[in-house]
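So the structure is just underneath, and the comments pick up after that.
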C-alpha cells in the first residue's frame, strides 16, 4: 500500500489545505479530510474557504497543480484511466483539449451522443429503410401523388418531398 504524502495547496484560501498522492484533500490546520461532491459533469469538487466565501473547485485540478505544476496555456487535466474519481497524481496529466478528446475516443473507447443518428438509428424516425425504398419506387411511378404516399405511410407531404429530393433519407452508397 502506498504511503500517503501530503503537499500544501497554493491559493487565496483562508484555511491552509493539503492534497495527497492518494487523491484526497484536507484542512491542514484541523487534519479533517474533506468529502468531495460531484459536479454536474461528474467530477469530484470541494468547497474551500476564501475571503469572499466558499470557492468550489475540481479536485483533479488542485491535485494536478500541486503535484505537476501550474497549467500551461490551453492545457487541461486528463484522467489517464478515464475514472473521474481517481485523482492520484499518477493518473493525472496536463494535455491539450484535442489530446484529451483523442484519449477519450482512442484509448477509452468513448462514444459521442453528438454523432448524427441517421435513418432508422434516429430515435425520431417514423419510417424504416425498407419503407423509404418503397416510397422511392412509388415516387418513380407517374400516377401516384406525394400526398397519396404521405397518407399511406402516415407522414407529412413535406417528408415525402424531402425523401424525393434527398434532403432526408439520403441514398445509401
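The values are calculated or read from the model by the stated rules, or taken from the named source; none is laboratory data. Small disclaimer: the values here were computed from a predicted structure and weren't measured. Cβ sites come from the backbone with ideal geometry, for glycine too, and all protein chains shown count toward neighbours.
Below are the figures for this structure:
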quantity	calculated
Meets criteria (surrounded by 13 or more Cβ atoms within 10 Å (Cβ to Cβ), modelled with pLDDT under 90 and closer than 19 Å to residue 41 by Cα) for residue 91	no
Segment 2-12: number of residues that are free of Cβ contacts under 8 Å to residues at least 40 places away in the same chain and part of a loop (DSSP other than H, G, I, E, B)	6
Single condition residue 150 does not satisfy, out of (1) closer than 30 Å to residue 82 by Cα; (2) modelled with pLDDT of 85 or more	(1)
Residues of segment 25-66 classified as closer than 20 Å to residue 97 by Cα, in contact with a helix residue (DSSP H, G or I) (Cβ under 7 Å, 6 or more places away or on another chain) and outside any strand (DSSP E or B), total	2
Qualifying positions in segment 157-169 - over 15 Å from residue 141 (Cα atoms) and surrounded by 13 or more Cβ atoms within 10 Å (Cβ to Cβ)	157, 159, 162, 168, 169
